1. Go through the residues of segment 54-67 one by one and say whether even a single one is of a type in the set (Ser, Thr, Tyr) and surrounded by 13 or more Cβ atoms within 10 Å (Cβ to Cβ).
2. Looking at 48, 73 in this structure, which one is over 22 Å from residue 7 (Cβ atoms) and either surrounded by 10 or more Cβ atoms within 10 Å (Cβ to Cβ) or over 15 Å from the mean Cα position of the chain (by Cα) (or both)?
3. Given the conditions (1) within 17 Å of the chain's Cα centre (by Cα); (2) assigned to a helix (DSSP H, G or I); (3) not aliphatic (A, V, I, L, M), report the number of the one that residue 79 does not fulfil.
4. Give segment 2-32 a look and list any residue that's within 20 Å of residue 59 (Cβ to Cβ) and hydrophobic (A, V, I, L, M, F, W, C), or say none.
5. Return the pairs, sorted by first residue and then second, in which the second residue is surrounded by 12 or more Cβ atoms within 10 Å (Cβ to Cβ) and aromatic (Phe, Trp, Tyr), the first residue lies in segment 23-36 and is assigned by TED's automatic domain parsing to the domain that holds residue 9, the beta carbons are less than 6 Å apart, and the residues are 6+ apart or on different chains.
6. For segment 58-74, does any single residue satisfy the condition of being of a type in the set (Gly, Ala, Ser) and not in a helix (DSSP H, G or I)?
7. Could you please find all residues in segment 51-64 being more than 17 Å from residue 7 (Cβ to Cβ) and aliphatic (A, V, I, L, M)?
8. Please determine whether any residue of segment 28-39 is in a helix (DSSP H, G or I), closer than 22 Å to residue 66 by Cβ and aliphatic (A, V, I, L, M).
Amino acid sequence: IGNLKDTHLSNFFNRIAYRKGRSVAVSATARKLATILWNMLFKNQQYNPPTVYEYLDQKRKRKVRELQKQIANLDARMRKVQPS
């Protein structure tokens, strides 16, 4: 899955692998696949992968949250440096 291009599972794998390493990403992706299969088999749910637009929207929201955390972190650092 990590070698596939432009699927939500490969993007998930690559995101985890970048942050925590390939072995953790393999485990996390396997768990995600197992959850998908379990829901299909035992809950009779159809597998509906996110569309490209849904994925891009999720990616944009994730980036906004990441930037907000960075801004908050920089703000906290600036408050420590500047005397009150």
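1. yes
2. The unique qualifying residue is 73.
3. (1)
4. Hits for segment 2-32 are 4, 9, 12, 13, 16, 17, 25, 28.
5. Every condition considered, the pairs that remain are 25/13; 29/13.
6. Going residue by residue through segment 58-74, those that are of a type in the set (Gly, Ala, Ser) are 72.
After this cut, where a residue has to be not in a helix (DSSP H, G or I) as well, the list is none.
So far as segment 58-74 goes, no, none of its residues is of a type in the set (Gly, Ala, Ser) and not in a helix (DSSP H, G or I).
7. Taking segment 51-64 first, the residues more than 17 Å from residue 7 (Cβ to Cβ) are 60-61, 63-64.
Across segment 51-64, the qualifying residue is only 64.
8. Quick first cut of segment 28-39, residues in a helix (DSSP H, G or I) only: 28-39.
Right, trim to closer than 22 Å to residue 66 by Cβ and you get 28-29, 32.
Add one more test, that the residue is aliphatic (A, V, I, L, M), and what stays is 28.
Yes, that holds for at least one residue.
The values are calculated or read from the model by the stated rules, or taken from the named source; none is laboratory data. Because the structure is a prediction, the values reported are computed rather than measured. Note that each Cβ is placed from the backbone with ideal geometry, even for glycine, and that neighbours are counted across all protein chains shown.
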